[in-house]
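K.L.:
Just dropping this structure here.
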Amino acid sequence: MAMLARLVSRGIPGPQVALVRFCVGILAVAGAWTVFRVELRPHRWRWLIARGLFGGASVLLYFTCIEQLGVGRATLLNYTSPVWSLLFSWALLKERPRRHAVPALVLTLIGVVLIVGSGGGSWRVSGWDLVAELSAVFAGMAVTAIRAARRAGDDGTPAESHWSVFASFTLLGALATLPPSLPPFGHCRLRCRPLATGWLLARANGCSFSWWA
């Protein structure tokens with residue numbers, strides 16, 4: 001998925017790639033509901049909204065950073081999201097981490113800092129590095145929201161189906177990526193008409209995302 005996003009970003013801005021990705025997800029949800037009548041009725045609204053907004057923002061920042069930093073660096077930073085998921089789950093869901101998880105995550109963070117900071121032979125962390133890390137923070141919160149939404153509430157509210165959780169992600173994600181995909185938002189300004197192959201790659205990216213989710 002990251003490789004396809006990088007290929008597409010050569011001709012299409014990252015936010016537009018993310019928007020196409022979410023639109024493909026919306027079509028997948030609509031098709032599943034039409035054919036299989038999957039359960040989409042929401043119950044745990046707050047967690048669904050949190051999942052959609054934070055997940056959409058995470059994808060938007062991640063795809064933009066793939067365009068700006070390249071696949072390796074952006075993915076390395078985005079994949080620190082389990083650290084944030086652990087912290088959010090601890091704070092919001094009262095899930096205490098296992099003892100062996102804490103030192104492992106600390107070592108992971110140290111490794112990421114060393115790799116990112118030592119690029120080019122000098123210690124330097126760019127603004128885009130911070131944006132990529134922010135995408136990991138948002139992803140960690142989104143994962144925590146998924147875990148909470150998939151549980152029944154203390155007040156008897158039923159747990160969300162995986163389709164309703166996915167639907168909130170695609171719908172709110174599309175709304176989050178729509179404004180920066182349109183003019184006049186700086187480097188996200190719509191470029192000249194992209195090549196047809198670029199949009200095909202973007203759709204393939206969306207299909208890979210829908211399958212993974």
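K.L.:
Which residues, taken from the stretch 117-129, are surrounded by 13 or more Cβ atoms within 10 Å (Cβ to Cβ) and within 25 Å of G56 (Cβ to Cβ)?
P.N.:
S126, W128, D129
K.L.:
Might you let me know whether the stretch 73-84 holds any residue that is in a loop (DSSP other than H, G, I, E, B) and open to solvent by 60 Å² or more (accessible area, probe 1.4 Å)?
P.N.:
Scanning the stretch 73-84 turns up at least one residue that is in a loop (DSSP other than H, G, I, E, B) and open to solvent by 60 Å² or more (accessible area, probe 1.4 Å).
K.L.:
Still on this structure, I have one more. If you go through the stretch 85-100 one residue at a time, how many are more than 23 Å from the chain's Cα centre (by Cα) and either assigned to a helix (DSSP H, G or I) or closer than 27 Å to M3 by Cβ (or both)?
P.N.:
Number satisfying all stated conditions: 0.
K.L.:
Exactly one condition in (1) crowded, with 20+ Cβ neighbours inside 10 Å; (2) within 16 Å of the chain's Cα centre (by Cα) is false for I49; which is it?
P.N.:
(1)
K.L.:
Next question, about the same structure. Condition (residue is touching a Pro at 6+ places or on another chain (Cβ under 7 Å) and either closer than 29 Å to R37 by Cβ or modelled with pLDDT under 85 (or both)) applied to the stretch 115-122: is it met by at least one residue?
P.N.:
So far as the stretch 115-122 goes, no, none of its residues is touching a Pro at 6+ places or on another chain (Cβ under 7 Å) and either closer than 29 Å to R37 by Cβ or modelled with pLDDT under 85 (or both).
The values are calculated or read from the model by the stated rules, or taken from the named source; none is laboratory data. The structure displayed is predicted, hence computed values, not measured ones. For neighbour counting, all protein chains shown are included, and Cβ atoms are generated from backbone atoms with ideal geometry for every residue, glycine included. Surface areas here come from the heavy atoms of the whole protein model, side chains and all, with no ligands, DNA or RNA. Shrake-Rupley method; radii C 1.70, N 1.55, O 1.52, S 1.80 Å.
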